[in-house]
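For reference, the structure is listed below as structure tokens.
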Amino acid sequence: MSVRTPDPDPTPDPLPGNGPQPGPAWLSDLELAQIRGRLPLLYVEAVPVRVDGLGQVTEVGILLRANAVGEITRTLVSGRVMYGETLREALFRHLEKDLGPMAFPQLPASPVPFQVAEYFPLPGVSPYVDERQHAVSLAYVVPVTGTCEPRQDALELTWMTPEEATSLTVTEELEGGRGALVKAAMASLGRIG
């Protein structure tokens, strides 16, 4: 399991003679590995939803993806917050990366998450596990109104009813304990008890 974030494209104006350079807010693989071993990293996660005219959740979007070892798992939109980036910017960037530019997410008016999820490298400390690192994730429910075409490492986006998304079968397929996060999202909206 990983609370993954693919590295971004190099900056468009590389330094002369040095080839493409990562953006100033990104770390090299070595720097990231060193920091992951010493500090918790900040992430955002989004539970994409479709709502009806009254604002009631009718569908929940769950991503299907292949992980680093080739296993097919279910997950949510997630990724790191870059240095100097606001939570809203990070949330929008990851929604666009995972769902495509035509998803048209409706970011919340307030950047207050429905839950703070703390991922630990060892199972049992919290319901959330990421064997690479200690990470703190701010989780949001985000309505999307457009066409979602998964990108990056996502294979497809499956729309489910809130009851299907919180079923035992689906929650067990969600990596890193994210089944508990989907249940918490639906509970925060009054969709499950």
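For segment 181-193, residues that are assigned to a helix (DSSP H, G or I) and open to solvent by 40 Å² or more (accessible area, probe 1.4 Å) total 3.
State yes or no: is Glu71 modelled with pLDDT under 95 and of a type in the set (D, E, K, R)? When the stated conditions are applied, Glu71 passes them. From the list Leu64, Leu42, the one residue that fits, being within 23 Å of Tyr119 (Cα to Cα), open to solvent by less than 60 Å² (accessible area, probe 1.4 Å), in a strand (DSSP E or B) and at pLDDT 85 or above, is Leu64.
The values are calculated or read from the model by the stated rules, or taken from the named source; none is laboratory data. Everything numeric here is computed off the predicted structure, so don't read it as measured data. Just the protein is used for accessible areas: all its heavy atoms, side chains included, with ligands, DNA and RNA removed. Shrake-Rupley method; radii C 1.70, N 1.55, O 1.52, S 1.80 Å.
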